[in-house]
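This report refers to the structure that appears directly beneath it.
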Amino acid sequence: MSVFNSSALYPRFLLMGLSGLESRYDLISLPIFLIYATSIARNITSLFIVRTESSLHQPMYYFLSMLAFTDLGLSTTTLPTMFSVFWFHVQEISFNACLVQMYCIHVFSITESAVLLAMAFDRFIAIREPLRYAAILTNDVIIGIGLATAGRALALVFPASFLLKKLQYHDVNILSYTFCLHQDLIKTTVSNRQVSSIYGLMVVICSMGLDSVLLLLSYVLILATVLSIASKAERVRALNTCISHICAVLTFYTPMIGLSMIHRYGQNASPIVHVLMANVYLLVPPLMNPIVYSVKTKQIRDRILKKFKKHEA
């Protein structure tokens with residue numbers, strides 16, 4: 001198949017689901033739909049609770065709202081193509097639409113990583129300077145952090161999309177997943193991909209790589225601060241305020257590391273394993289984050305129960 005004819009200027013991309021299981025897509029799509037519906041409903045609920053309850057207008061809950069917003073972004077970005085494949089068996093996606101989806105997925109992923117880092121900073125200030133907590137994390141500071149996290153992601157990912165736009169592709173390109181990812185698009189190119197690959201690696205290092213190092217450093221400082229507290233009960237109480245955040249960090253980074261390992265060392269693994277790991281990476285954090293915070297954070301749990309009881313009455 002020639003790659004230099006006129007149709008190569010408008011390459012076609014085919015999204016792949018679970019190869020060999022096409023006849024069971026209706027059954028497979030049911031739990032995926034439930035995950036999407038649950039994650040979207042719970043994140044919207046979290047945003048609504050924080051928005052309507054004045055007692056939750058505090059830095060911790062503002063950061064939680066940012067996390068819920070990025071999770072909603074990830075869910076709604078991948079949902080259309082996921083169900084076009086599983087429900088309607090429509091695999092084709094235009095190059096520009098694929099670039100837009102890839103851009104949104106990576107922007108929301110990088111933003112979520114930064115929000116998790118900001119939440120670690122929030123916990124450090126709350127434990128280290130409890131009396132000055134509200135004075136340090138003012139509304140202006142929180143808005144600045146939110147704009148910085150989003151701005152960094154938007155700025156880092158845009159050149160990657162531009163570089164992909166400059167590459168040449170086959171007339172028809174088969175992708176590995178039901179959504180578009182940078183590392184997957186690069187594999188389909190027929191021109192020199194070195195610059196795009198190096199830039200993609202630099203984006204990962206400058207975003208999630210740097211964030212993970214700073215997260216680790218934050219918890220070293222948190223642990224040192226907690227150990228300096230004389231009362232054992234106070235130490236336990238301080239650590240308990242970090243449990244939800246630790247769960248959110250593990251939920252986000254564990255699937256991401258697993259997907260990276262599969263890409264690097266799992267060439268002989270079944271394609272289904274690659275697809276499942278990618279789906280876990282994008283579906284599990286938006287599902288689990290609101291569950292963890294509603295279960296472990298008493299203020300949010302109480303407000304949710306209060307809302308439900310009010311509706312039942």
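Some observations on this one:
- Check on Ile272, in contact with a Ser or Thr (Cβ under 8 Å, 6 or more places away or on another chain) and aliphatic (A, V, I, L, M): yes
- Residue in the stretch 229-241 that is aliphatic (A, V, I, L, M), touching a Phe, Trp or Tyr at 6+ places or on another chain (Cβ under 8 Å) and either closer than 20 Å to Ile125 by Cβ or modelled with pLDDT of 85 or more (or both) present: no
- Filtering the stretch 15-29 to residues that are closer than 20 Å to Asn173 by Cβ and of a type in the set (A, V, I, L, M) leaves Leu15, Met16, Leu18.
- Selection within the stretch 96-137 - closer than 30 Å to Leu14 by Cα and of a type in the set (Gly, Ala, Ser): Ala97, Ser109, Ser113
- Elements of the type helices (runs of 4 or more DSSP H) sitting completely within the stretch 48-159 and holding at least 3 residues that are out of contact with any strand residue (DSSP E or B) (no Cβ under 6 Å at 6 or more places or on another chain), in contact (Cβ under 8 Å) with a residue 12 or more places away in the chain and among the aliphatic types (A, V, I, L, M): these cover 59-86, 95-128.
- Tally of residues being among the basic types (Lys, Arg) and surrounded by 19 or more Cβ atoms within 10 Å (Cβ to Cβ) across the stretch 248-280: 0
- Of the listed requirements (1) among the polar types (S, T, N, Q); (2) more than 29 Å from Phe121 (Cβ to Cβ); (3) modelled with pLDDT of 95 or more, Thr149 misses just one: (2).
- Residue among Leu215, Leu223, Leu227 that is of a type in the set (A, V, I, L, M) and either more than 30 Å from Lys296 (Cα to Cα) or under 21 Å from the mean Cα position of the chain (by Cα) (or both): Leu215
- Subset of the stretch 43-79 (residues that are of a type in the set (D, E, K, R) and crowded, with 21+ Cβ neighbours inside 10 Å): Asp71
- Contact annotation: residue pairs with Cβ atoms under 8 Å, 6 or more positions apart or on different chains, pairing a residue in the stretch 269-285 that is within 15 Å of Met16 (Cβ to Cβ) and modelled with pLDDT under 90 with a partner that is small (Gly, Ala, Ser) and assigned to a helix (DSSP H, G or I), are Met277/Gly258.
- Set Arg237, Arg303: member being surrounded by 14 or more Cβ atoms within 10 Å (Cβ to Cβ), of a type in the set (D, E, K, R) and out of contact with any Gly (no Cβ under 9 Å at 6 or more places or on another chain): Arg303
- Leu223 vs. criteria closer than 12 Å to Arg128 by Cα, among the aliphatic types (A, V, I, L, M) and free of Cβ contacts under 8 Å to residues at least 40 places away in the same chain: yes
- Which listed residue, of Ser113, Ser176, Ser161, Ser196, is in contact with an Asp or Glu (Cβ under 8 Å, 6 or more places away or on another chain) and farther than 24 Å from Ser244 by Cα: Ser176
- Among the residues examined, Ile127 qualifies as over 16 Å from the mean Cα position of the chain (by Cα), crowded, with 18+ Cβ neighbours inside 10 Å and among the β-branched types (Val, Ile, Thr).
- Some residue of the stretch 184-201 being surrounded by 14 or more Cβ atoms within 10 Å (Cβ to Cβ), basic (Lys, Arg), on the phi < 0 side of the Ramachandran plot and in contact (Cβ under 8 Å) with a residue 24 or more places away in the chain: yes
- Residue in the stretch 165-173 that is hydrophobic (A, V, I, L, M, F, W, C), on the phi < 0 side of the Ramachandran plot, within 21 Å of the chain's Cα centre (by Cα) and surrounded by 17 or more Cβ atoms within 10 Å (Cβ to Cβ) present: no
The values are calculated or read from the model by the stated rules, or taken from the named source; none is laboratory data. From a predicted model like this one, the values you see are computed outputs, not experimental measurements. So basically every Cβ, Gly included, is an ideal-geometry build from the backbone, and we count neighbours across all protein chains shown.
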